[in-house]
Structures are given as C-alpha cells and as structure tokens.
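The values are calculated or read from the model by the stated rules, or taken from the named source; none is laboratory data. Computed from a prediction, not measured in an experiment: that's the story for all the values here. FYI the Cβ positions are ideal-geometry reconstructions off the backbone, even for glycines, and counts take in every protein chain you see. Accessible surface areas use protein heavy atoms only, side chains included; no ligands, DNA or RNA. Shrake-Rupley method; radii C 1.70, N 1.55, O 1.52, S 1.80 Å.
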Amino acid sequence: MNAVWIIFLFLLGACVGSFLNVVIYRLPRGESIVLPGSHCPGCGRAIRWYDNIPLLSWMLLRARCRDCHAPISSRYFVIEAATAIRVAGLFALYYVVQVRQGAGAFEESWPTYVSHAALLCGLLACSVVDIEQYIIPLEVMWFCTIVGLIASAVVPIWAS
C-alpha cells in the first residue's frame, strides 16, 4: 500500500511543481497566478492541456514550444521533479523509513505531513525566486503559515 501512496504523491508533487513554476515566474513580476492560463513566454500562445503534463510534456516536446519552437528552460522540469521527489520522499521518510519517531499512522498524522510538504514546497519556490530576483515572495510564506496554523489546530482534534 505504501508504494501506491508514494506513486500517487510523486504524481501529485509533480503537479504541484508545475504550479510552483507559475508562482516562481509570475509572482515577482506582479502577474496573476490564475489568469491567463499557461502560455508560451515567446509567442504568447496558450499551452494545450496535453502539452502541460508535468515532467512528461517537457521531455516529449524536447524542451521547446510546440508552436514557435522557442526553448523551454530546464528549470521547469527541475522544479517539477524536485517537488515530486520532496512530496513522495517526505512520505517515505515519515511512514516507510519512520525517521519521525511517534508520527503514528498516516491516517492519524496526515495534517502534519501535509503542512510539512506545503512548507517544503513553499521554501523551494521562495528559494528559486530569491536566487533569480533577490526577493522573497511573502505571499508564499503567508500561505505556508496559514497551512501550518490550520494543521496545528486540527492535529490535536484529529489525534483524540
């Protein structure tokens, strides 16, 4: 059963990584992270749904836009892969290897896991923005703070 969870969380992490790429690109530029949808920075054309599959599309398109053939940075692939590995790896460390003593079963401690995964993802996004722009997007850290506060409020209720 752990293998199913790890595969699911890897795929989910890759999707979160795809969203983190949007956050990393748009937040420092003051753009909306919701609208418009994903588009090529070169030609501005909307990315088709089948060209927006995390990890896979970048490889299949050979790191190029389908329409204008402009190169797509390897950063997109790296962020998606790093996020997928972090999310699935955190689960494996907590519940398979059991490096977190007393964490309990996933069914009991999932809010803690989710808050830690959100923090790892947020720190990754902030690190990349800081490396590229020399700023830290506080919106990301506020989101992580809210997730952590909700998890800390839910865990005592959930554990009883």
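Of note:
- Principal-axis analysis of the Cα atoms of the chain puts helix 2-26 at an angle of about 50° to the longest axis.
- Only alpha carbons enter this Debye calculation for the chain, each as an equal point scatterer, and the log10 of I(q)/I(0) it gives at q = 0.10, 0.15, 0.19 Å⁻¹ is -0.42, -0.87, -1.21.
- Computed over protein heavy atoms with a 1.4 Å probe, the accessible surface of the chain works out to 61 Å² per residue.
- Efficiency of FRET from Cβ geometry, residue 31 and residue 62, R₀ 30 Å, rounded to 0.05: 0.65
- A crude spin-label estimate for the pair residue 1 and residue 108, with each label 7 Å from Cα along the Cβ direction, gives 1.4 nm.
- Charge dipole (Cα centre; +1 on Lys/Arg Cβ, -1 on Asp/Glu Cβ; no other charges) of the range 1-121 amounts to roughly 460 debye.
- Remark: the range 110-118, residue by residue, has Karplus-estimated 3J(HN,Hα) of 4, x, 5, 4, 4, 5, 5, 5, 4 Hz, where x stands for each Gly or Pro and the curve is 6.51 cos²θ - 1.76 cosθ + 1.60 at θ = phi - 60°.
- Taking 0.36 nm per residue of separation and subtracting the current Cα-Cα distance, fully stretching the chain between residue 48 and residue 142 would add 30.7 nm.
- Residue-level accessible surface for residue 56, protein heavy atoms, 1.4 Å, Å²: 80
- Residues with amide H under 5 Å from that of residue 64, placed H, sequence gap 5 or more: 72
- Multiplying the residue separation of residue 132 and residue 93 by 0.36 nm and removing their Cα-Cα distance gives an extension gain of 11.0 nm.
- Phi angles across the range 37-49 convert, under the Karplus curve 6.51 cos²θ - 1.76 cosθ + 1.60 with θ = phi - 60°, into 3J(HN,Hα) values of x, 4, 8, 6, x, x, 9, x, 6, 5, 7, 5, 4 Hz, Gly and Pro given as x.
- Heavy-atom surface analysis with a 1.4 Å probe gives the chain a carbon and sulfur content of 69 percent of its accessible area.
- Karplus-derived 3J(HN,Hα) values for the range 94-106, using 6.51 cos²θ - 1.76 cosθ + 1.60 with θ = phi - 60°, are 6, 10, 9, 6, 6, 6, 9, 4, x, 5, x, 6, 4 Hz; glycine and proline are entered as x.
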